[in-house]
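Trainee: Let me begin by handing over the structure; questions about it come next.
Please treat every number below as a calculation from the coordinates, not as lab data. Just so you know, these numbers come straight off a predicted model, no measurement behind them. Because the Cβ atoms are built from the backbone with ideal geometry, glycine has one as well, and the counts that use them run over all protein chains shown.
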Amino acid sequence: MIPLIDLHSHVSPAMLPGSPREELQPRWPCMHCLSSQKGSLLIGDTLFRDLDWRSWDADRRLEDMARDGVSMQVLSPMPELLSYWFDPKDAAVLCDASNHLIASLAASHPARFRGLGAVPLQDPVAAAQALPRLKSEFGLSGVEIGSNIMGRLPGDAAFDPFWAAAEELGMCVFVHALHPVAAKTIDPPPFYVPFALFPVDVAMAAASILMGGVLDRFPALRIGFSHGGGALGSILGRLDTGWHATDGFKQRAHASPSATARQMFYDSNVYDPAYLKFLAETALPGRIFTGTDYPYDIMQRSPAEFISSAGLDARALASVRVGAASEFLGEDLTQVMAH
Ligand SMILES: [Zn+2]
């Protein structure tokens, strides 16, 4: 059996550090502040999400991994904890709470977990300076970042110090939907943001990286996107046409968007087996790794069955289960024990 690596799974600490300053209290996240029994995460006084021990307990996660046939989870912070809306020094307190948890889970079961950490990317230089420690002290494989950073798209040249450090250290970067830009200009109806706008924001992030020439400047970067790259698959043809029509976006991008898109990675979290097959065999072959969004309500349940239901050829199937994840993490995981 081919191992199954879940690249998109989240953790959240059972306890979070208190607000470092009084005035931050209304926006600071707090666990177990509603009840000592229930794992409710409050943002200030507002309930953000009910969590349970799947978010922080290795053994509980291993039970579900055994049930689902998942060989290894790659752990990343609950995106709301990326904390771009705080001063970078305050945000670093929350980032490190996630980093410590992820590092301890990964160290406790090195054959079953890998980790992606958090850095205060609202200050790209501080984020770049935080990366070496995440690799050397925390043993993390890379970092998770938001699809926008307080309204700035990741293809913006302001983030070059961060991209340069990630490339130099060989750390992968997982781009996850967070606080979609489009949500800021509308009064979104219930559920509109996570279900409709997350994939839009991920596509905006990917397009900004493609059009901004990030991979031209940092060709060894390994960048992956949540939610199958969101809407990117449907706009690649349009981006290519625009690239030809504008002399490569005025020579900002040396290769066509669809060619550069094939240097990046995307998860399988699209909930539609026919679309997964299109991505994995036609649009972005060899670039799709498994991602479930465990342990949240929206997660892809029975991921092995979902992937198998796409009817992929043998090569694409092996790539989605383990090959693309190995390449993204920079580590051969094909010999990890299948479960
Ligand atoms: Zn997620």
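Trainee: Can you say whether L197 is in contact with a Pro (Cβ under 7 Å, 6 or more places away or on another chain), under 27 Å from I102 (Cα atoms) and within 16 Å of the ligand (Cβ to nearest atom), as far as the supplied structure shows?
Mentor: Working: in contact with a Pro (Cβ under 7 Å, 6 or more places away or on another chain): yes; under 27 Å from I102 (Cα atoms): no; within 16 Å of the ligand (Cβ to nearest atom): yes.
Judged against the criteria, L197 is not a match.
Trainee: Report whether or not S40 is away from the ligand (no atom under 16 Å from the Cβ) and in a strand (DSSP E or B).
Mentor: Considered against the rule, which asks whether it is away from the ligand (no atom under 16 Å from the Cβ) and in a strand (DSSP E or B), S40 comes out as yes.
Trainee: Among the listed residues A177, A127, which satisfies the condition of being crowded, with 20+ Cβ neighbours inside 10 Å, under 26 Å from M264 (Cβ atoms), in contact with an Asp or Glu (Cβ under 6 Å, 6 or more places away or on another chain) and aliphatic (A, V, I, L, M)?
Mentor: Of the residues listed, the single one that is crowded, with 20+ Cβ neighbours inside 10 Å, under 26 Å from M264 (Cβ atoms), in contact with an Asp or Glu (Cβ under 6 Å, 6 or more places away or on another chain) and aliphatic (A, V, I, L, M) is A177.
Trainee: For the range 63-76, which positions are in contact with a Pro (Cβ under 9 Å, 6 or more places away or on another chain), outside any loop (DSSP other than H, G, I, E, B) and either among the hydrophobic types (A, V, I, L, M, F, W, C) or within 12 Å of the ligand (Cβ to nearest atom) (or both)?
Mentor: M72
Trainee: Restricting to the range 242-269, and then to whatever is touching a strand residue (DSSP E or B) at 6+ places or on another chain (Cβ under 6 Å) and hydrophobic (A, V, I, L, M, F, W, C), can you tell me which residue is nearest to A220 (Cα to Cα)?
Mentor: If we take residues in the range 242-269 being touching a strand residue (DSSP E or B) at 6+ places or on another chain (Cβ under 6 Å) and hydrophobic (A, V, I, L, M, F, W, C), then M264 is nearest to A220 (Cα to Cα).
Trainee: Among the residues of the range 264-277 satisfying the criterion of being surrounded by fewer than 16 Cβ atoms within 10 Å (Cβ to Cβ) and of a type outside the set (A, V, I, L, M), which is farthest from the ligand (Cβ to nearest atom)?
Mentor: D272
Trainee: Can you name every residue in the range 8-38 that is over 23 Å from the mean Cα position of the chain (by Cα) and over 22 Å from P88 (Cβ atoms)?
Mentor: Matches in the range 8-38: H32, C33, L34, S35, S36, Q37, K38.
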